[in-house]
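Some notes on the structure that comes next.
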Amino acid sequence: GHVDEAIQILQQQISRSATDAEAHNLLCRAYFMMEEWDRGIAACERARNLDPQKSLYELWLGRIYGEKADRAGFLSAAGLVRKVRASFERAVDLDPRSSEARTDLAEFYLEAPAIVGGGLDKARAQADALLPLNPGIAHWVLARIAGKQKDAALAELEYRTAIVVTHSG
């Protein structure tokens, strides 16, 4: 509830140490909460550039590109969607055990048209990779895939399985 204050503190931190990647990432996330996409993208890109091996920075960059793409016109969105996919794929490459990165990538694959790299087969591959990491989320992704394929019975089964495995562990 104090995002404005957090932004001020983070900007002060960055003014003292412009190479603080974590401060840039936190600033990005604060701008994300404020729906200030352009300022957030700049902060996320700076965090990623300062520490290009950190999966979390790539993940948040993909998320903020995605939010901007959702609100952009068709032509602007097309370029941003490619950046979303590239950031999510890079986040997974950097940390294959990140269930957050794999979930966001699976969601991208579920929602994006094939022309920009989406596809249910790709989402299923992420669900398979998620099974040992986070079974509840894996079954949720499988339920979403079944829903996209208009298989209501399988979708219900997968959602129920997601609930059971989430609450049993």
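Rule-based calculations on the coordinates, nothing more; no lab input. Computed from a predicted structure; not experimentally measured.
For the chain, the longest principal axis of the C-alpha atoms and the axis of helix 74-94 are separated by about 80°. Of the residues V116, V81, V92, the one that moves most in a GNM of the chain with alpha-carbon contacts below 10 Å is V116.
The angle between the Cα long axis of helix 99-111 and the main principal axis of the chain comes to about 70°, on a 0 to 90 degree scale. Comparing Cα centroids, segment 131-169 and segment 1-79 end up 31 angstrom apart.
Please report Rg over Rh for segment 100-169, where both radii come from the alpha carbon positions and Rh follows the Kirkwood definition.
Dividing the radius of gyration by the Kirkwood radius yields 0.98.
Which log10 I(q)/I(0) values, to two decimals, does the chain give at q = 0.12, 0.13, 0.15, 0.17 Å⁻¹ under the Debye formula with one point per Cα? Per q value, in the given order, log10 I(q)/I(0) is -0.60, -0.69, -0.87, -1.03.
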